[in-house]
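What follows draws every value from the coordinates through simple rules; no lab data is involved. Owing to the predicted nature of the structure, the values given are computational and were not obtained by experimental measurement. Methodologically, a virtual Cβ is constructed for each residue, glycine included, from the backbone with ideal geometry; neighbour enumeration extends over all protein chains shown.
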Amino acid sequence: MKRQVLILTVLSLLLIAFGQAGTLIGSDSLEEKIQKASSLLLDSEKSEDKDQGFLLLVESIDIAAAGGGFPATFQNEIREALEMFRRGSILDQQGGDKLRKAYALLNSGKLFQMPAEISSIQEAVEYGRKQISLALSQVKAGRTADAVKPLLETVLMVITPMEAKGE
């Protein structure tokens, strides 16, 4: 009996150790995915790179949200949007609507609005960099669920038209 308990204990510890190692590997790959997405989306001049960076950010949201206690409908909206974007364009209206719905699920029903301080593409890019930097710091700290909102805000900024501001 003692031998069986010992064997079960050792097996349990091994499973836990491998599970934690997998989590650490997953965090590293999430960090790399976010960094690559940022580089492609915000630094490249090629539209196909920007599209790929956008898709990587949406994938990153899905990964970061996994196991984070988000409503199942949130993750479903993200995954369905991702599939729509993959099949068509990152400007797919239905995919954008799904991302907006996911955002509202995180924000007590409030819809995404472009931050008031943004009035140019350059300001939007800099704001996106700050949001991605915030998300990366959350991932590095092991709080991947906290990276979801800044990443989602960044992708929504990409697909939300800016309104001209009168001066």
Quiz prompt | Protection proxy ranking, peptides 56-64, 43-51, average beta carbon neighbours within 10 Å, highest first | solution = 56-64, 43-51
Quiz item: GluC sites (Glu not before Pro), restricted to segment 69-151: which are DSSP loop and have at most 12 other Cβ atoms within 10 Å?
Solution: E117
Quiz item: Working out 0.36 nm times the residue gap between A72 and E123, then minus their Cα-Cα distance, what length gain in nm do you get to one decimal?
Solution: 15.0 nm
Quiz item: Among K50/K101; K50/K110; K46/K140; K98/K140; K46/K101; K33/K149, which pairs are too far apart, with a Cα-Cα distance over 25 Å?
Solution: K50/K110; K46/K140; K98/K140; K46/K101
Self-check item: segment 27-159, relative contact order in percent, only Cα pairs under 8 angstrom and at least six apart counted
Solution: 28 percent
Quiz item: Name the trypsin sites (Lys or Arg not before Pro) in segment 79-167 that are in a loop by DSSP and that have at most 10 other C-beta atoms within 10 Å, would you?
Solution: K110, K165
Practice problem: Obtain the nm distance between the two label points defined at S133 and E83 by a simple spin-label model: each point lies 7 Å from its Cα along the Cα-to-C-beta direction. | Solution: 3.7 nm
